[in-house]
Amino acid sequence: MIIKTNLQFPFSAVTPKSIYLTRRRFLAGASTILGFGSGLSAAGTRLSAVKSPLSTTEKPTSYQDVTSYNNFYEFGTAKSDPARNAKTLRAMPWTISIEGAVAKPQVLDLDALFRIAPLEERIYRHRCVEAWSIVVPWIGFPLNALIKLVNPSSNVKFVAFQSLYDPKQMPEGRYAGIPLPYVEGLRIDEAMHPLALLCVGLYGEVLPNQNGAPVRLVVPWKYGFKSIKSIVKIRFMEKQPPTTWNILNSNEYGFYSNVNPEVDHPRWSQAKERRLGELTKRPTLKFNGYGDQVASLYAGMDLRRNY
Ligand SMILES: Nc1nc2c(c(=O)[nH]1)N[C@H]1C(S)=C(S)[C@@H](COP(=O)(O)O)O[C@H]1N2
Ligand SMILES: [Mo]
């Protein structure tokens with residue numbers, strides 16, 4: 001992977017994958033070529049990012065697995081559906097509306113978003129509530145950089161996130177069986193935590209559509225469903241916002257949903273996980289292995305009632 005180290009750059013300064021691949025093919029032979037067809041798509045565009053000391057040294061899951069085994073119910077409920085169906089997502093142009101109790105409500109386009117902070121590569125473990133896991137070299141910047149930019153009022157206690165829901169681009173969403181648009185939320189101190197990543201890429205390129213293009217959340221110490229994809233709205237609030245899986249089944253999916261091997265899902269154990277690409281199961285770690293960094297956020301909370 002090529003990682004350049006220019007700290008500030010506009011979205012327009014990145015290298016289209018067509019050019020990158022043309023160069024690389026001579027050096028390394030042909031490799032994965034993503035749909036680069038539509039002129040409006042940024043798919044495959046290379047990104048520059050600095051390596052983060054917050055990365056795990058574990059081996060990343062293959063690009064193939066990370067981009068072909070997905071949960072993105074707007075594009076279908078089977079793991080292979082998003083890779084096949086998300087081609088219709090128009091990830092460019094894109095805007096995120098910043099709303100609620102902030103000094104500066106505003107609409108950010110991608111150019112503005114990419115200028116908020118230098119991009120970092122963060123290799124994180126990702127643990128789905130369904131007991132499979134992956135390790136992903138995400139690219140993004142701390143969510144707290146965006147929060148500081150828009151300056152929430154002192155009475156803000158929660159941040160709500162909303163995904164795009166456009167039935168024209170996401171016709172499979174009708175049959176998803178979950179209320180759409182997909183919504184998620186964090187307590188403000190969770191959102192300010194340095195590990196909470198606003199993610200715009202993976203494996204050195206902009207997010208493939210199926211992984212939540214053009215911008216998603218990554219909250220590595222929580223079950224994967226908290227890492228909401230294709231965000232169009234961020235709202236700062238006093239009250240705890242509703243969240244999709246909790247609306248659907250509050251007995252099985254809580255607001256906090258920190259990874260916890262000691263609290264089983266009502267229908268299956270959370271003690272172990274299947275790492276994509278591996279044959280034997282591995283033990284699941286409390287807070288997905290990020291306890292040293294995040295456990296203090298939950299001091300005094302009953303972690304047995306995590307859901
Ligand atoms: N909008 C939206 N965001 C979503 C989902 C979804 O269905 N819709 N699925 C979640 C779940 S359950 C997981 S495990 C992760 C999967 O992210 P990945 O496909 O990049 O691995 O996305 C999360 N974000
Ligand atoms: Mo998940």
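The values are calculated or read from the model by the stated rules, or taken from the named source; none is laboratory data. Just so you know, these numbers come straight off a predicted model, no measurement behind them. Counting neighbours? That spans all protein chains shown, and the Cβs are built from the backbone with ideal geometry, glycine included.
Tabulated values for the structure
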item	result
Test: residue in the range 220-230 that is out of contact with any Phe, Trp or Tyr (no Cβ under 6 Å at 6 or more places or on another chain) and among the hydrophobic types (A, V, I, L, M, F, W, C)	no
Which numbered condition Pro118 fails, given (1) more than 18 Å from the chain's Cα centre (by Cα); (2) surrounded by fewer than 20 Cβ atoms within 10 Å (Cβ to Cβ)	(1)
Every residue from the range 176-191 that is away from ligand 2 (no atom under 16 Å from the Cβ), part of a loop (DSSP other than H, G, I, E, B) and surrounded by fewer than 16 Cβ atoms within 10 Å (Cβ to Cβ)	Pro179
Pick from the range 206-241, criterion more than 23 Å from Asn144 (Cβ to Cβ) and out of contact with any Lys or Arg (no Cβ under 8 Å at 6 or more places or on another chain), ranking: surrounded by the fewest Cβ atoms within 10 Å (Cβ to Cβ)	Gln210
Members of the range 216-252 that are in a strand (DSSP E or B) and within 14 Å of ligand 2 (Cβ to nearest atom)	Arg216, Leu217, Val218, Lys222
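Yes or no, residue by residue, for (1) under 19 Å from Phe75 (Cβ atoms); (2) within 8 Å of ligand 1 (Cβ to nearest atom); (3) charged (D, E, K, R); (4) at pLDDT 95 or above:
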{"site": "Pro167", "(1), (2), (3), (4)": "yes, no, no, yes"}
{"site": "Gly177", "(1), (2), (3), (4)": "yes, no, no, yes"}
{"site": "Tyr223", "(1), (2), (3), (4)": "no, yes, no, yes"}
{"site": "Ser227", "(1), (2), (3), (4)": "yes, yes, no, yes"}
